[in-house]
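Participant: Dumping the structure here so I can ask a few things about it.
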């Protein structure tokens, strides 16, 4: 028996030594049968480790659902469609033909530039923990994010791949500065446009995105104490309870106020108010508006981050508010000007899209219809009467539609989120149900968000434009403006006779 054990030990040692698993000397192995027996006894006596049973009380880490992931990929592509070609064609058709390419160029390049800046530092500043106003720098250049990284949604235990969350939010960050282009179209230097929007993106868009949208996610909330921690880590306006489903404050008010400040500081176009400056192609503008409408479903319904009934509600509300706003605008235009116009129809559609953006996942279908009906006459008043009264040249009515429409939508969100008015109410993640609704408190939170967007965007825009005017200058020369920016700034023409 001892000889058999010795032989077995020798064979085992040779195998282990071949595999590089032992460095024990051959002599020690073969001359101590008793030691081999002892090791065998200890191994037999040791309890078998069962890691799965030891961790059976811990919930498994959430895994992205393929349906949610697929929907977010589609939604991200739809938002890209909004900007290029949607916004580019919408704006391009509204300017004179000699400036068509300049607007297309500005929209296209601004979208590209902001996408790169988002990957370098935008994402980490907006969507990592830091202060209530800025995030941190832990994910500069998207460091630490892998295909296995996940991002929270609005449901406990539900996540999506972080890469698609980064891409989805990139499209928001890229289209928002591009909206501002319409305010100073036909007269601002291309270099000044890019520099202004880099500064504005950094100091206006990113802080607003962090303040309104950053939080630790629902899984971090288990009780009242953990909620306090989440509130402490969250963006300032999120902690105040401000509701902005898809960007009423972050995108539209933010961009609209910047547009107003830019229109005032850059000054009027040569001949504004004296010469006719009609859109050169309402056909292209209509095509652009249609692409905006289609892409906006990704913008709004995609902001739910999941393919659920709430995404379906946001989708339906986007459809209803936009359709109602279109009808409302042309109805008022018909009454005031005796003729409904194509320009009025597309303007109404965009106003409806803007107004329902902050509310789309919080209000019911009736609330969406009311918001759509109410936003058009207000925006029509600003683009036709208020602009003329104050004499500012907001070329493509960015402030009148996006700024005013965004303010109206953000405030109405605080009203129609009420369950008594068909809204979803505000979810309580501690109780895991919809909580008691206080309309007065919610409206105060909404006003905080509106006021913050107005003050921050106006301040950043004024300082940035002032610095640029003192250095490289804001406007093209008079001869270049008369010739058209297509030739003067880019050496190309949209059309050849």
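Derivation of every value follows stated rules applied to the coordinates shown; laboratory data play no part. If you're wondering where the values come from, they're calculated on a predicted model, not measured in any experiment. Note: ideal-geometry Cβ built from the backbone for every residue, glycine included; neighbour counts use all protein chains shown.
Participant: What is the Cα radius of gyration of the stretch 67-112 over 2.2 N^0.38 Å, N being its residue count?
Facilitator: Its radius of gyration relative to the 2.2 N^0.38 Å reference: 1.42.
Participant: Using alpha-carbon positions, what is the distance between the centroids of the stretch 191-264 and the stretch 331-408, in Å?
Facilitator: A separation of 24 Å, based on Cα centres.
Participant: Output the peptides 127-138, 72-83 sorted from most to least packed, where packing is the average of other Cβ atoms within 10 Å over each peptide's residues.
Facilitator: Highest to lowest by the protection proxy: 72-83, 127-138.
Participant: Continuing with this model, one more query. For the chain, take N as its residue count and report Rg(C-alpha) divided by 2.2 N^0.38 Å.
Facilitator: 1.27
Participant: Taking neighbour Cβ counts within 10 Å as the exposure measure, how do 375, 109, 230, 63 sort from fewest upward?
Facilitator: 63, 109, 230, 375
Participant: To continue, here is another question. At 0.36 nm per residue, and after removing the present C-alpha to C-alpha distance, how many nm does the segment from residue 490 to residue 120 gain when stretched out fully?
Facilitator: Length gained between residue 490 and residue 120: 130.4 nm.
Participant: What is the fewest-to-most order of 437, 399 by other Cβ atoms lying within 10 Å of their Cβ?
Facilitator: 437, 399
Participant: Oh, and also: According to the Cα gyration tensor, what semi-axes, each the square root of 5 times an eigenvalue, does the equivalent ellipsoid of the stretch 124-176 have, listed from largest to smallest in whole Å?
Facilitator: After scaling each eigenvalue by five and taking roots: 18, 14, 13 Å.
Participant: Report, to the nearest 10°, how far helix 100-117 tilts away from the longest principal axis of the Cα atoms in the chain, using its own Cα long axis and a range of 0 to 90°.
Facilitator: 30 degrees
Participant: Taking neighbour Cβ counts within 10 Å as the exposure measure, how do 429, 205, 392 sort from fewest upward?
Facilitator: Fewest to most other Cβ atoms nearby, the residues stand as 392, 429, 205.
Participant: Additional query: Going highest first, how would you order 198-204, 365-371 by mean Cβ packing within 10 Å?
Facilitator: Answer by packing, highest mean first, reads 365-371, 198-204.
Participant: Then there's this: Can you give the calculated 222 nm mean residue ellipticity of the chain, where each DSSP H run of n ≥ 4 adds -39,500 (n - 2.57) and the sum is split over every residue, rounded to the nearest 500 deg cm²/dmol?
Facilitator: Calculated at 222 nm, the ellipticity per residue is -18500 deg cm²/dmol.
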